[in-house]
Amino acid sequence: MNWLDRRNVAILGAVTTGLTFLLILLGVYTAATGTGLTCQGRWPLCGGPLFGLLPPNVASYPEWIHRFVASITGFFILGTAYGAWKAFDSRRIHAAVAISILVLPVQVLLGRQTVVTYTAGVQTLHHGAAMIIFAALVGATAWMFDRSNESVRKATADSESTARTVDAD
């Protein structure tokens with residue numbers, strides 16, 4: 001089984017898009033509740049046990065969970081971009097995943113600035129960058145599924161054509 005099969009990469013894109021959406025929801029919750037302030041401006045650590053990696057108190061769990069999910073999602077975005085680049089030859093798909101990986105480091109830096117400064121302007125930019133990444137992933141995933149289904153439709157049409165040829169003989 002080839003893990004870079006078009007269908008598998010499209011499914012990875014869907015999982016990555018879902019994770020990104022979950023991450024956005026966690027970020028909105030963290031901002032709305034003010035739990036980003038519980039790490040007292042420290043980034044990427046949060047001042048808790050295990051060299052500051054774990055949250056120092058229950059109030060900082062949402063912020064810590066947001067950071068943890070963000071790190072996992074970042075790797076999923078990179079994996080999806082790699083898979084899409086290898087499995088598909090579509091310029092649209094390549095452009096969409098390129099946008100997501102180009103905005104990703106900017107998003108990480110904006111996340112840091114959000115924690116350090118906690119200003120509305122930085123939070124707005126951080127959320128805007130998240131929307132750009134999410135939109136790029138939605139587009140890439142939709143196009144990947146379309147292309148992978150196109151392969152299935154072509155294979156089905158070819159097998160039906162072969163069956164008709166065999167029946168005609």
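The values are calculated or read from the model by the stated rules, or taken from the named source; none is laboratory data. These numbers were taken from a predicted model, which means no experiment stands behind them. With ideal geometry, Cβ positions are generated from the backbone for all residues, glycine too; neighbour counts draw on all protein chains shown.
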Query raised in the report: Which one of these does Thr17 not meet: (1) among the β-branched types (Val, Ile, Thr); (2) free of Cβ contacts under 8 Å to residues at least 60 places away in the same chain; (3) buried (at least 17 other Cβ atoms within 10 Å of the Cβ)?
Result: (2)
Report task. From Ser71, Ser100, grab the single residue that is surrounded by fewer than 18 Cβ atoms within 10 Å (Cβ to Cβ), within 15 Å of Thr16 (Cα to Cα), among the hydroxyl-bearing types (Ser, Thr, Tyr) and under 12 Å from the mean Cα position of the chain (by Cα). Result -> Ser71
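Conditions (1) within 23 Å of Gln123 (Cβ to Cβ); (2) among the hydrophobic types (A, V, I, L, M, F, W, C); (3) touching a Pro at 6+ places or on another chain (Cβ under 7 Å); (4) assigned to a helix (DSSP H, G or I), marked per residue:
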| site | (1), (2), (3), (4) |
| --- | --- |
| Thr20 | yes, no, no, yes |
| Ile24 | yes, yes, no, yes |
| Ala32 | yes, yes, no, yes |
| Gly36 | yes, no, no, yes |
| Leu45 | yes, yes, no, no |
| Tyr61 | yes, no, yes, yes |
| Leu78 | no, yes, no, yes |
| Ala96 | no, yes, no, yes |
| Leu102 | yes, yes, no, yes |
Report task. Pull up region 127-142, narrow it to residues that are buried (at least 20 other Cβ atoms within 10 Å of the Cβ) and not small (Gly, Ala, Ser), then point me to the one that is farthest from Leu78 (Cα to Cα). Result -> Thr141
Query raised in the report: In region 125-156, how many are at pLDDT 95 or above, among the β-branched types (Val, Ile, Thr) and over 19 Å from Phe88 (Cα atoms)?
Result: 2
**Report entry** Selection status of Thr80, more than 15 Å from Val115 (Cα to Cα), modelled with pLDDT of 95 or more and in contact with a Gly (Cβ under 7 Å, 6 or more places away or on another chain)
**Finding:** yes
Requested in this report: Restricting attention to region 103-126, report how many residues are touching a residue at least 40 places away in the same chain (Cβ under 8 Å) and buried (at least 17 other Cβ atoms within 10 Å of the Cβ).
Outcome: 5
